[in-house]
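Participant: Below is a structure I'd like to ask you about.
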Amino acid sequence: MTRKPLRFIDLVAQQEKIKTKVDAAIQRVLAHGAYILGPEVGEFEAALSAFCGAKHSIGCSNGTDALTLCLMAKGIKPGQAVFCPSFTFAATAEVVAMLGATPFFVDIHEDTFNLDPASLKTAIAQAKKDGLSLAGVISVDLFGQPADYAEIEPIVANEGMWLISDAAQGFGGTYRDRKVGTIGAMTATSFFPAKPLGAYGDGGAIFTDDDETDAVLRSLLVHGQGTDKYDNVRIGMNGRLDTLQAAILIEKLKIFPDEIVARNRIAAAYNDGLRDVAVVPAVLDGCTSTWAQYTIRARGKDRGAVLARLKDKGVPTAVYYPKPLHRQTAYKHFPVAGNGLPVSDRVAEDVFSLPMHPYLEADDQGYIIDSVREALAA
Ligand SMILES: *Cc1c(COP(=O)(O)O)cnc(C)c1O
């Protein structure tokens, strides 16, 4: 029997499910022609707020710009330190450096891959000694799991800092009784096509409960405009969400709750099938992940060889992330907590991610699990 090729993320299966509705939504936009800030943008924002409980949802151009806009709203400037993990996608720290401030890299928990509060405390003490002014923390919901907010929030509050949540991977998840989007001063997310809630192009959003922050963000993403369109009151950017992407995302958001359920069912099946041969991901008690990635560790095996064997068996894999940011050329001169970030270094050596999407069928997943078991045993 020949098996149809396995996909790492199957956007085709999802599209088949919603194609008629998406086609109709696109046609509506083409008919009214309001390509920039058309009615679908506001409709999508309202649907996002209904979904996650944030008072204000602000659509924007992508996840990186969402983070940039959050930092601009906080008036970030040179000489200020923003603490963030090193084991993350570059955008988390890039936005800090791009605005002239200092990303200060913090280590992660070995079991959740998320920010380690003890390492954060170490970094804060160092930053004070080095004469940096403490601005805030960008936590990351890596691979879809919310950061450990109950541990992080008191540390942030104690120093009079702000917390921005980089939920590019975690939107749709919950932290105990709180939904991602309602945690921290602002939450940024991304609708890059491969994220759990993805557009058919770039897109992003910011969430906040604060009315004034909402007004500032809406001004910033249209060049800092004031109440009079031609009196710009601050330096902003072009950070708008396209009407077409909003129209598509409205349809995608409708099936997102069912997709999160499916993702959790698939993650549980991976856990059961792989627990005894690999380090499977841990989810904090009372929290739900959106499983942006299902990431395991090769546990002392040669990762390159394991991935080569999986490739031979037709199982696509990916490595997020082979190099933590504090080891990368553009970021290695920025400060790190303590004498280095041993956990970030260690996990970067042996993590790999398996196919994860809501439309992964049970027999395909069974084949993947068998293949991973064989590849790790060889
Ligand atoms: C994807 C991602 C971003 C950036 O989102 P874009 O929409 O691609 O700009 C930021 N942070 C993290 C953790 C991400 O995974």
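Participant: Please give the net charge around ALA46, taking every other residue with its beta carbon less than 12 angstrom from that of ALA46, where Lys and Arg add +1 and Asp and Glu add -1.
Facilitator: Net charge around ALA46: -2.
Participant: For the ranges 58-67, 117-126, what's the packing order if you count other beta-carbon atoms within 10 Å of each residue, average per peptide, and put the highest first?
Facilitator: Top of the packing list down: 58-67, 117-126.
Participant: For the peptides 254-266, 328-340, what is the packing order when you average, over each peptide's residues, the other Cβ atoms within 10 Å and list the highest mean first?
Facilitator: Going from most to least packed, we get 254-266, 328-340.
Participant: Sticking with this structure for a sec: Taking springs between alpha-carbon atoms closer than 10 angstrom, which of THR227, THR317, THR208 fluctuates most in the Gaussian network model of the chain?
Facilitator: Comparing THR227, THR317, THR208 in the GNM, the peak value goes to THR227.
Participant: Write down the percent of antiparallel bridges among all DSSP beta bridges whose residues are both part of region 117-239, to the nearest 5.
Facilitator: Here the antiparallel bridges make up roughly 50 percent for region 117-239.
Participant: For the chain, what D do you get in µm² per second when you plug the Kirkwood radius from alpha-carbon pairs into Stokes-Einstein at 4 °C and 1.567 mPa s?
Facilitator: 60 µm²/s
Participant: Which far-off residues, 5 or more places away or on another chain, put their amide H under 5 Å from the one on ASN62, with H placed in the peptide plane?
Facilitator: GLY204
Participant: Would you be so kind as to identify all helices of the chain, as entire DSSP H runs, whose Cα atoms reach 30 Å or more along the helix's own axis and whose mean Kyte-Doolittle hydropathy is at least -0.5?
Facilitator: 243-274
Participant: Below 8 Å between Cα atoms, with a sequence gap of 6+, how large is the relative contact order for region 256-377 in percent?
Facilitator: Once normalised by length, the contact order is 37 percent.
Participant: Something else now. Suppose we keep just the alpha-carbon trace of region 256-377; what are its Rg and Dmax in angstrom?
Facilitator: 15.8, 47
Participant: Write down the accessible area per residue of the chain in Å², having rolled a 1.4 Å probe over the full set of protein chains.
Facilitator: Counting only protein heavy atoms, the per-residue value for the chain is 42 Å².
Participant: So how far, in whole Å, is the C-alpha centre of region 184-221 from the one of region 1-79?
Facilitator: 9 Å
Participant: Let me ask another. What is the distance in Å between the Cα centroid of region 130-155 and that of region 306-378?
Facilitator: 24 Å
The values are calculated or read from the model by the stated rules, or taken from the named source; none is laboratory data. All values derive from a computational prediction rather than experimental measurement. Heads up, the Cβs are rebuilt from the backbone with ideal geometry, glycines too, and the neighbour counts pull from every protein chain shown. Heavy atoms of the whole protein, side chains included, go into the accessibility calculation; ligands, DNA and RNA do not. Shrake-Rupley method; radii C 1.70, N 1.55, O 1.52, S 1.80 Å.
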